[in-house]
Amino acid sequence: MSNEYLEVLTPQNSQLIFIDQQPQMAFGVQSIDRQVLKNNVVALAKAAKTFKIPTTITTVETDGFSGNTYPELLAVFPEHNILERTSMNSWDDQNVRDSLAANGRKKVIVAGLWTEVCNTTFALCAALEGGYEIYMVADASGGTSVEAHKYAMDRMVQAGIVPVTWQQVLLEWQRDWARKETYDEVMAIVKEHSGAYGMGVDYAYTMVHKAPERVKHGQRIGPNPAK
């Protein structure tokens with residue numbers, strides 16, 4: 001393995017691209033639960049915002065087929081331009097190439113739909129023609145079947161693309177819990193999006209460390225056993 005891929009991801013050496021996170025594309029996803037997929041995509045977006053990671057959002061045939069990007073994703077980056085394409089391969093669009101080049105970072109983290117088409121073609125071309133080091137977020141991407149996703153990931157790994165998960169990326173960026181400038185935001189993402197891990201953090205904060213609950217709620221009444 002080349003030395004570049006031995007480097008950990010940092011907020012200074014990486015950028016992120018979301019490819020076609022649109023409803024019609026998600027309708028065809030069968031490799032992962034769609035709600036889990038969207039949760040993971042939004043979590044990754046929040047992580048990128050926390051660490052000020054340059055982020056590109058690209059779409060395909062919005063009006064003609066795919067529909068608008070998830071509003072939950074756009075809400076994280078309300079100021080971002082959305083790069084519209086016709087090609088299934090984002091690398092074929094000059095605006096996408098220009099955006100990646102302007103960010104000036106060779107490590108490109110990818111989360112897109114579908115794994116076997118838009119993700120694979122972009123990853124292979126960006127690596128071969130652009131010299132980028134591609135990190136494919138497997139659980140913030142989806143294919144039209146379990147097999148389609150798996151074999152697309154296998155093909156990319158054989159070509160040198162690195163498979164990762166969204167939480168792996170988040171924690172690799174954080175790296176050290178002593179980095180207090182991002183600690184609270186990272187914990188907020190974990191509590192909101194990380195399932196059992198987040199539930200455990202909430203439990204530890206409130207039951208062990210006696211922190212207040214995250215939300216205000218009505219008075220706890222009872223118990224009052226019925227007679």
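The values are calculated or read from the model by the stated rules, or taken from the named source; none is laboratory data. For clarity, every value in this text was computed on a predicted model and none was experimentally measured. All Cβ positions, glycine included, derive from the backbone under ideal geometry; neighbour counts span all protein chains shown. Calculation scope for accessible area: heavy atoms of the full protein, side chains included, ligands and nucleic acids excluded. Shrake-Rupley method; radii C 1.70, N 1.55, O 1.52, S 1.80 Å.
Quick notes
- In the set (1) over 21 Å from Gln167 (Cα atoms); (2) open to solvent by 40 Å² or more (accessible area, probe 1.4 Å); (3) touching a residue at least 40 places away in the same chain (Cβ under 8 Å), Thr86 fails one condition alone, (3).
- Failed condition for Lys180, given (1) outside the structural domain of Thr55 (by the TED database); (2) surrounded by 15 or more Cβ atoms within 10 Å (Cβ to Cβ): (2)
Table: residues versus (1) buried (at least 16 other Cβ atoms within 10 Å of the Cβ); (2) among the small types (Gly, Ala, Ser); (3) outside the structural domain of Leu44 (by the TED database).
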residue: Pro71; (1), (2), (3): no, no, no
residue: Pro78; (1), (2), (3): no, no, no
residue: Ser90; (1), (2), (3): yes, yes, no
residue: Asp93; (1), (2), (3): yes, no, no
residue: Ala101; (1), (2), (3): no, yes, no
residue: Gly112; (1), (2), (3): yes, yes, no
residue: Thr115; (1), (2), (3): yes, no, no
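- Test: residue in the stretch 53-65 that is part of a helix (DSSP H, G or I), among the small types (Gly, Ala, Ser) and open to solvent by less than 10 Å² (accessible area, probe 1.4 Å): no
- Subset of the stretch 189-205 that is closer than 12 Å to Gln167 by Cβ and of a type in the set (A, V, I, L, M) - its residue that is surrounded by the most Cβ atoms within 10 Å (Cβ to Cβ): Ile189
- Residues in the stretch 128-147 that are touching a residue at least 12 places away in the same chain (Cβ under 8 Å) and surrounded by fewer than 20 Cβ atoms within 10 Å (Cβ to Cβ): Glu129, Gly130, Gly131, Thr144, Ser145, Val146.
- Number of the condition not met by Thr165 [criteria: (1) more than 14 Å from Asn40 (Cα to Cα); (2) touching a helix residue (DSSP H, G or I) at 6+ places or on another chain (Cβ under 6 Å)]: (1)
- Odd one out for Val36 among (1) of a type in the set (A, V, I, L, M); (2) under 13 Å from the mean Cα position of the chain (by Cα); (3) buried (at least 19 other Cβ atoms within 10 Å of the Cβ): (3)
- Matching residues in the stretch 175-218 - criterion: being without any contact (Cβ under 8 Å) to a residue 40 or more places away in the chain and of a type in the set (S, T, N, Q): Thr206
- Qualifying residue in the stretch 156-173 (condition: farther than 27 Å from Asn3 by Cβ and of a type in the set (D, E, K, R)): no
- Any hit, the stretch 40-52, residues being open to solvent by 50 Å² or more (accessible area, probe 1.4 Å), modelled with pLDDT of 95 or more and part of a helix (DSSP H, G or I): yes
- Taken over the stretch 186-206, the criterion of being among the polar types (S, T, N, Q) and either modelled with pLDDT of 95 or more or outside any helix (DSSP H, G or I) (or both) is satisfied by Ser194 alone.
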